[in-house]
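A quick write-up on the structure given underneath.
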Amino acid sequence: TNKYDFKKTNIDLLTDKSKEEPSLVTVLAHLDRYTRTLTDKDNLLIYFSGHSIEDEEGETYWIPKDGKKNTKMTWLKHSDLAEEFFASGDLKAKNVCIITDSVFSNKLVRKKSISLTPYDLRYPEKIREKAMDSSREVISFGDRHWPASKNTDGLGLFTYYVHKALKENQIKTIDFENLIFEDEILFPITKVAGTKMLRGRLRKAPMERGGQFIINKLIPAPVVDIIEADVSPEKGYP
């Protein structure tokens with residue numbers, strides 16, 4: 001909210017310390033509200049930091065705070081979330097970007113990489129043009145959630161490097177794929193975790209039309225101390 005074009009009033013934060021905890025019912029209630037209220041003028045970013053699990057059939061799940069260890073009914077099944085929310089035609093938001101620091105099913109994602117880079121000629125104009133089309137994008141850590149450590153400032157491994165990318169980014173307009181898959185962010189993650197990250201677009205999503213979710217840096221107002229002001233002449237003339 002301090003560095004990019006996100007308003008605090010548009011952010012729903014569900015953590016162990018927030019007023020609303022990230023329980024199964026609460027997460028589903030928020031997703032349902034987005035489906036009912038967002039329009040094609042809105043963009044939706046979903047960031048999940050926490051545990052995922054993959055079962056014997058290759059289905060993947062997010063584990064909410066009240067998820068029971070051996071009870072799948074208390075987990076958030078990704079294929080159900082995709083069908084009911086993320087890839088549903090009922091979700092009218094223009095660009096939807098799902099970023100998760102744990103595993104997300106390959107079966108649900110058509111692997112695809114963006115062809116533009118910030119080093120391309122007219123990247124800002126071209127990426128804004130792509131943002132005019134709708135999209136359903138997924139960026140996944142591709143492995144189990146790596147919890148906080150002393151080396152990651154109390155954040156999970158993937159979240160630490162995403163935070164680092166956002167903090168150190170110098171480009172005014174950028175897409176999340178180029179932001180996160182930049183060499184100085186991608187290589188340390190893969191070196192430490194030994195995992196291959198996933199990126200692509202949701203399958204069977206009618207609103208997936210090759211668009212792109214972008215973010216814009218806020219330009220801070222210059223700090224000026226006005227010591228003295230003088231108007232001369234006091235009255236203007238034609």
**Prompt:** When the helices in the chain are scored as -39500 (n - 2.57) per DSSP H run of 4 or longer and the sum is shared across all residues, what 222 nm value do you end up with, to the nearest 500 deg cm²/dmol?
**Reply:** -6500 deg cm²/dmol
**Prompt:** Quick one: putting +1 on the C-beta of Lys and Arg, -1 on the C-beta of Asp and Glu, what dipole do you get for region 109-238 around its Cα centre, in Debye to the nearest 20?
**Reply:** 1160
**Asked** Ignoring any ligand, DNA or RNA, what whole percent of the accessible area of region 151-238 comes from carbon and sulfur when the probe is 1.4 angstrom?
**Response** 54
**Fill in**
R144 neighbourhood, Cβ < 10 Å, K/R = +1, D/E = -1, net charge -3
**Request:** Report, in debye and to the nearest 20, how large the dipole of the chain comes out about its Cα centre when Lys and Arg carry +1 and Asp and Glu carry -1 on their Cβ.
**Result:** 460
**Prompt:** Which of K19/K94; K65/K94; K112/K167; K68/K167; K7/K235 have a Cα-Cα distance over 32 Å?
**Reply:** K68/K167; K7/K235
**Message:** Can you compute the radius of gyration and Dmax for region 121-214, using only the Cα atoms, both in Å?
**Reply:** 14.8, 43
**Of S23, L38, I53, farthest towards positive along the dipole that unit charges on Lys, Arg, Asp, Glu beta carbons give region 1-100** = L38
**Message:** Could you compute how much accessible surface H163 exposes when probed at 1.4 Å, giving the result in Å² to the nearest 10?
**Reply:** 100
**Complete:** With the 8 Å Cα cutoff and a minimum separation of six or more residues, region 11-106 has a relative contact order in percent of 37
**Prompt:** What's the angle, to the nearest 10 degrees (0 to 90), between helix 157-168's Cα axis and the longest principal axis of the chain?
**Reply:** 10
**Asked** With the dipole of region 120-238 worked out from charges on the C-beta (+1 for Lys and Arg, -1 for Asp and Glu) around the Cα centre, which of I227, L157, Q170 lies farthest toward the positive end?
**Response** L157
**Message:** Can you give me the accessible area per residue for the chain, using a 1.4 Å probe, in Å²?
**Reply:** 63
**Item:** 10 °C / 1.306 mPa s Stokes-Einstein diffusion coefficient of the chain, Kirkwood radius on C-alpha pairs, µm²/s
**Value:** 81
**Fill in**
Answer in debye to the nearest 20: the dipole magnitude of region 14-152 about its Cα centre, from +1 Lys/Arg and -1 Asp/Glu charges placed on Cβ, is 360
**Message:** Within 11 Å, Cβ to Cβ, of L45, how many net charges do the neighbouring residues add up to if Lys/Arg are +1 and Asp/Glu are -1?
**Reply:** -3
**Message:** Antiparallel versus total DSSP beta bridges in the chain: what percent is that, nearest 5?
**Reply:** 55
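The values are calculated or read from the model by the stated rules, or taken from the named source; none is laboratory data. Bear in mind that the values here come from a model prediction, so they are computed numbers and not experimental data. All Cβ positions, even for glycine, are placed from backbone atoms using ideal geometry, and neighbour counts span all protein chains on display. All accessible areas refer to the heavy atoms of the entire protein, side chains included, with ligands and DNA or RNA removed. Shrake-Rupley method; radii C 1.70, N 1.55, O 1.52, S 1.80 Å.
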